[in-house]
Amino acid sequence: MIRIIILGGSFGGLTAALELRKRLGPDQCDILLLAKDDRFVFIPSLPWVAIGTRTLEQISFPLAKTLKRKTIRFSQQAARQIDPEKRLVHTDQEDHHYDYLIIATGHRSANEAVPGLGPFDGPGHSLMSPPEVLEARQSLKDFLLNPGPLVVGCAPGASCIGPSYEFAFAMDHLLRQRKIRHRVPITLVTPEPFPGHFGLGGVGNTRRFVEDALEKREISYHTSAVVSRITSTAVELADGPKIESCFSLILPPLAGVKAVANAKGFIPVDEYYRHPAFPNIYAAGVAVAMVPVAPTPVPVNFPKTGGMTEQMARAVAHNIAADIQGGTRISKDLFAECIMDMGDTAAYFKAEPVRPPRNVACMAGGKRWLWAKKAFERYYLWKARRGKTFAAGWGW
Ligand SMILES: Cc1cc2nc3c(=O)[nH]c(=O)nc-3n(C[C@H](O)[C@H](O)[C@H](O)COP(=O)(O)OP(=O)(O)OC[C@H]3O[C@@H](n4cnc5c(N)ncnc54)[C@H](O)[C@@H]3O)c2cc1C
């Protein structure tokens, strides 16, 4: 029996597991999914948990039951090391042998890049994982009782830029609702050369759209900003001012998970999402190494969205099934499609393909996108919990 091990139970790992099972029955292969966490979390809703409009329970479900339905084995174990020569995954509990391995372990926040990023190693706050978001939620409660200047943004080298805008817009909306916006100057600091670059070089009209939105909401901004330190009272920029801050949320640059990427790196892959040196190892999602769209004065890395992660995971499942059953591997240009929450409204953008020049590059705003974002979250969780994946190109 062929043994396939999948590391990670999020957009990449769960999609790869379910798509593989669609293609290869239980008589053809044994699939074991190992993940550090025992729940699937709909990460795009983490900013709503920080703001307090969602709980973690509402945006997550246990992996074990869903996977069991599809005859996929699950164990909550974190990979500690991979031995690609012996085809072994080592965890603290046991060693697992594989014929094929899929790495979908996401990111590690490289907090060492800027002193003070936090939240567990400095005074800053973050949205990058459930524990960090729960900390932000708690600290925000105190901040709202005793408001003051707020600084939101990203550190140099960040790739997950969109959520910093979402948080700034959501805070603006929340503070206006509470009639305390006048007590909270909001500043956005970003390594992007212009607002709405998103690590993609901008998409159609995103620059004008995001600049207008910031100006309309009186959120001041610093572009090509090099955040050099966060203290409990300020965010410091290398080339300029110390910006006074009572609550600082600066998203970090990301790195690969140490257990699978050894040093800092992400996993290198060829056009089939296959490791160039080990053809039975594939990777999907944030764990994959991707070069920036174009150089920028301050480094901005390539964003890997949930939708792109699923496109990669589907290609990986197809390609492993092709390796096993005989068939042609696929390599497909990725596209990016996102809805950005803006508090009382939202904006949709699409970049197809994700790297320019593009066939589709647009951004549009309106309340209907906020309803669409909320509806998509509910529908996605409902469907994923039942072990169903989405048709390519739907919804994201
Ligand atoms: C705040 C925020 C908002 C976002 N909003 C959007 C959005 O609106 N739209 C969008 O398209 N994208 C959004 N994204 C990006 C999206 O969430 C990611 O693209 C997606 O989560 C990547 O999925 P992944 O499977 O690659 O990794 P992750 O979601 O990071 O999951 C990693 C998985 O690996 C497991 N793991 C980690 N280490 C190990 C180990 N050593 N051994 C075994 N398992 C391990 C974890 O338990 C987890 O299951 C957002 C991201 C953030 C942080």
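The values are calculated or read from the model by the stated rules, or taken from the named source; none is laboratory data. Just so we're clear, the structure is a prediction, and the values are computed from it rather than from any experiment. Backbone-built Cβ (ideal geometry, glycine too); neighbour counts: all protein chains shown. Side chains included, ligands, DNA and RNA excluded: accessible areas come from the protein's heavy atoms. Shrake-Rupley method; radii C 1.70, N 1.55, O 1.52, S 1.80 Å.
Here are some notes:
- Hits among lysines - C-alpha to C-alpha of K70 under 26 Å, sequence gap 8 or more where chains match: K22, K36, K383, K388
- Note on the stretch 288-363: Cα-only Rg and Dmax are 15.6, 51 Å.
- At a probe radius of 1.4 angstrom, the accessible area of the stretch 122-253 per residue rounds to 38 square angstrom.
- Backbone geometry of the stretch 186-194 corresponds, through the Karplus equation with coefficients 6.51, -1.76 and 1.60 at θ = phi - 60°, to 3J(HN,Hα) couplings of 10, 10, 9, 10, 9, x, 4, x, 8 Hz, x marking Gly and Pro.
- Within the stretch 122-253, antiparallel bridges make up roughly 30 percent of the DSSP beta bridges whose residues both belong there.
- Convex hull volume of the stretch 169-240 per residue (C-alpha atoms, cubic angstrom): 103 Å³
- Tail beyond 17 Å, pair distance distribution of the stretch 32-83 (Cα, percent): 48 percent
- Relative to the longest principal axis of the Cα atoms of the chain, the long axis of helix 306-325 lies at roughly 10 degrees.
- Relative contact order (%) - the chain, alpha-carbon pairs under 8 angstrom, separation at least six: 19 percent
- DSSP beta bridges confined to the chain are antiparallel in about 50 percent of cases.
- The relative contact order of the stretch 44-143, computed from alpha carbon pairs under 8 Å that lie at least 6 residues apart in sequence, is 25 percent.
- Rounded tilt (10° steps) of 367-385 against the dominant C-alpha axis of the chain: 30 degrees
- Across all C-alpha atoms in the stretch 53-137, the radius of gyration and Dmax reach 17.1, 47 Å.
- Inverting the pair-averaged 1/r between distinct Cα atoms of the chain gives 21.5 Å as its Kirkwood hydrodynamic radius.
- Taking every DSSP bridge with both residues inside the stretch 265-362, close to 90 percent are antiparallel.
- Cα pair distances in the stretch 122-253, grouped into 5 Å bins until the bin that holds the longest one, percent each: 2, 11, 22, 25, 21, 13, 5, 1, 0
- On Cα atoms only, tilt of 162-177 relative to the major axis of the chain in degrees: 40 degrees
- Highest average first, the peptides 24-32, 224-232, 283-291 ordered by how many other beta carbon atoms sit within 10 Å of their residues are 283-291, 224-232, 24-32.
- Heavy-atom surface analysis with a 1.4 Å probe gives the stretch 175-289 a carbon and sulfur content of 50 percent of its accessible area.
- Simple point charges give the picture: +1 on the Cβ of Lys and Arg, -1 on the Cβ of Asp and Glu, and for the stretch 122-253 a dipole about the Cα centre of about 420 debye.
- Percent RCO, i.e. relative contact order, over the stretch 122-253, from Cα pairs under 8 Å lying at least 6 residues apart: 37 percent
- Dipole magnitude of the chain, debye to nearest 20 (Cβ charges: Lys/Arg +1, Asp/Glu -1, about Cα centre): 1320 debye
- When all protein chains stay in place and ligands, DNA and RNA are ignored, the 1.4 Å accessible-area order of R207, R314, largest first, is R207, R314.
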